[in-house]
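The structure under discussion appears below in the form of structure tokens.
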Amino acid sequence: MTPRVHNRKSFEFTGSKHNSDTSCSCTPIFLNMGVKGLQGFLERCCPEACVPVNLREMAKQHVAKSQQGCTTTANTTNSPTLVVDGMACLRRWYSCQDWVCGGQWREYMDVLRSWVEAFTSAGIRLVFIFDGVVEEKKRQAWVKRRRRVNGEISKIFNYLKAHGEHPGRELFSLPSGLAGFTPFALRSLGQEVFCSVQEADYEIASYARQHGCMGILGQDSDFIIYDSAPYLSVEKLRIKSLTTIMYDRQRLCQTLGLTVAQLPLLACLLGNDVVSEEMQNIRNNAMATYRSNYPTPHSGAVQGQMVLAVSHLVSSLWGIEETDLIPQSLNLSAPHRELLKRGVRSYLLPGHEALQQGDISALPSAFEKHVSPEILKACREKHVAAEGFTVYSVVCEGVVQCSNTLEDGENDELLPQALVYKLCRQRTYGLILLHERDGSSIDLPAVKEWFVYPGNPLKEPDMVHPIPVSLPCDQPSLDLLWFGTGPEVSVLRLTSFLTIFDCQELSELYRAVEDSLLAALCLVTYIALQVQTLSQEDLDAYLSQAVCLRLKTPEELQQIKLPFLSSRAVQLGYLYVRGLSHMLGANCASGCPLPSAAIMPWHSFDGRLFHSKYLLAHNGTEETELLDRDPSCLSLFLRLREKLQETCRRHGRVLQSRPRAPEHSHKATPGPRYRERHSGRPPGGGESWRERGEMTGGQYQHHGGGGGGGWRERAERGGDPSVYENRERLWERGGGVRGGHFHHHTQSYPERGRSYRSRGRYQLAPRWSQPPAPGT
């Protein structure tokens, strides 16, 4: 049967649907590519396959059909179930007006609550599945997108510095950590949430089929290829009426002249995540044949014609038994045939075993020998249940990644968040992998880190070695921290957690203040120790907003008026939120001494509130006014600040008052004079952190003289060898320190024959040196 050709009309094609990526925390970032051209073809050329549906009515029909046919499995509940692609919903869920200040997390929680209630009131059960991995075959696509988003972030900061106002939705970027925190938010609302251990689309389609679900709610054309539940568009969803569009695979097949079993081959020949450029010749030949058979007077439907052309090819090839995945008549080289088989198999769903009951123990583990089988099993189970954080990525994948953060690449003063939190990540890795070691560096594991920050070209991962956590006793095993019982184990968990952030002294506040405030104080203390350029005003802003947030309603937070926006405050807000996700990972590794809820941003951070406190603190506002004239808030704030200052003093960190003039000259075009006024340097000729040199264990080290002697000397004394080797390489490329100052704006590079400025945006590594391991 040949494809019906009445749809060969000219149309404007918008390309395949790419789900928007998000700045998630230290969890894998999703990349849903879909089938090239198919989504546009469905919407433009195959309207009969785009069926409007009412989900309430669909749910009633689903229940009636199940009861009538008695076909439900043992695992299927009586409630009609929608499997929701969590990542595809993030941009729909985050409808809050303010995103640039770090996120309006209380309001976001209200949005999620209302969204969930709309379905539950209709008797529809929801199961959310989030991406839990980035497969290496998608790494280059991930990197490409990260670089593009870096350019978008640069535009955001240019706008902030030029105008001092919110950029609006035109430059919209999801708040950092949204993908990582949302599963916890949904579970707190009583929802079932899972995190994938392989391709999320596959697990979503598999779960829906195995459980006889009512449908899949997402936005990826792969869902129409899988022989699974009906594919429902989240983009077309109207939450008040619970109406949307269902993409009907049966009607698509009728239009294309194919069977459902032939759709996987169609998807791979058109191009998808697994197979793309390798099939270009086949697509070209199919298009040539199609145009000769079906000449058209219009030329605007290239991609639509491509879908029809490849469909016609697949239909003409299929004269063999169904057991053959790839028709023999498709002339392919052996490697391309094997690649095509892999692609087709990726769409074939199992017919048994529920997602949460799958044999996850059969999956490979990067550092299996460093943990017990019980820990290996537990961390995978926690990951699938979306309860773990970081540990699965470290133990089973050996890879941790973090997407883009709103950071000003032109700010010479503030460290990128990836470097601020590197020390706590190393200690977390150490807690996971280095127990019961003799201190030898032989066979020392190294975690691959793909962290996005200004200056990182992302050509290869950073190999980051774990470091031991300095505890009064021997470093405990993960088995003891996770499975041990008794009061002494509880103390050990808390001590391990606080030590990761250099906050052992804060243990006396445990149970004396709210857990969320203890977490906030711990995080602010760590930031103060790591970022020496922060002033007392910055830290007051952090603490005062955490204290005041407890008494604010979402409506009050929305009504906060900001006279202008500070680009520096924006970066500090995002620095805090990224810290919460690092804290969540450390808490999980330590055996959860704090409840996960205490570390959620809706309990300790609101972007608008923090921004208002930042502006007030730097304007010299009295403490009473800073704490909303609430005596109890003021008393609590002073107690926390005293503890912060005491901890900093013990670590040799002296906090200073350095109020900053407001960034209000927004009509001026940023240039040399503007940067002089807004460089973020302390009054009195203070140096930026780059001018002072690198940072170690919360203390900046000044290296004078020419050459890289300081780094070489430190390398000889110990620490992470890969860090120092990288620095030596950067030094040779011209990124060294001369007389305490970085000379990088006009530094030439003889070996490259061009200036530093011409090296390109993504080759700026010399601008930030990696903090070395402590104790060197």
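The values are calculated or read from the model by the stated rules, or taken from the named source; none is laboratory data. From a predicted model like this one, the values you see are computed outputs, not experimental measurements. Backbone-built Cβ (ideal geometry, glycine too); neighbour counts: all protein chains shown. Keep in mind that these areas ignore ligands, DNA and RNA; they rest on the heavy atoms of the full protein, side chains included. Shrake-Rupley method; radii C 1.70, N 1.55, O 1.52, S 1.80 Å.
Here are the numbers for the structure shown:
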{"quantity": "Vicinal HN-Hα couplings computed from phi for region 220-234 (Karplus, 6.51 cos²θ - 1.76 cosθ + 1.60; Hz; Gly/Pro x)", "calculated": "8, 5, 4, 5, 8, 7, 4, 7, 9, 5, x, 9, 10, 7, 6"}
{"quantity": "For region 655-661, Karplus couplings with θ = phi - 60° (6.51, -1.76, 1.60), whole Hz, Gly/Pro x", "calculated": "7, 10, 7, 9, x, 10, 5"}
{"quantity": "Residues of region 48-196: accessible area per residue with a 1.4 Å probe, Å²", "calculated": "40 Å²"}
{"quantity": "5 angstrom amide H check on residue 84, placed H, neighbours 5+ away", "calculated": "127, 128, 129, 217"}
{"quantity": "Estimated vicinal HN-Hα couplings, Hz - region 383-389 in sequence order (Karplus 6.51, -1.76, 1.60; Gly, Pro = x)", "calculated": "5, 4, 7, 6, 10, x, 7"}
{"quantity": "Ordering of 182-188, 489-495 by packing [mean C-beta count within 10 Å, highest first]", "calculated": "182-188, 489-495"}
{"quantity": "Given charges at beta-carbon only (K, R positive; D, E negative), |dipole| of region 484-558 in Debye", "calculated": "220 debye"}
{"quantity": "Placed amide H near residue 401: partners under 5 Å, 5+ positions off or other chain", "calculated": "450"}
{"quantity": "Over region 217-290, relative contact order from alpha-carbon pairs under 8 Å, at least 6 apart, %", "calculated": "21 percent"}
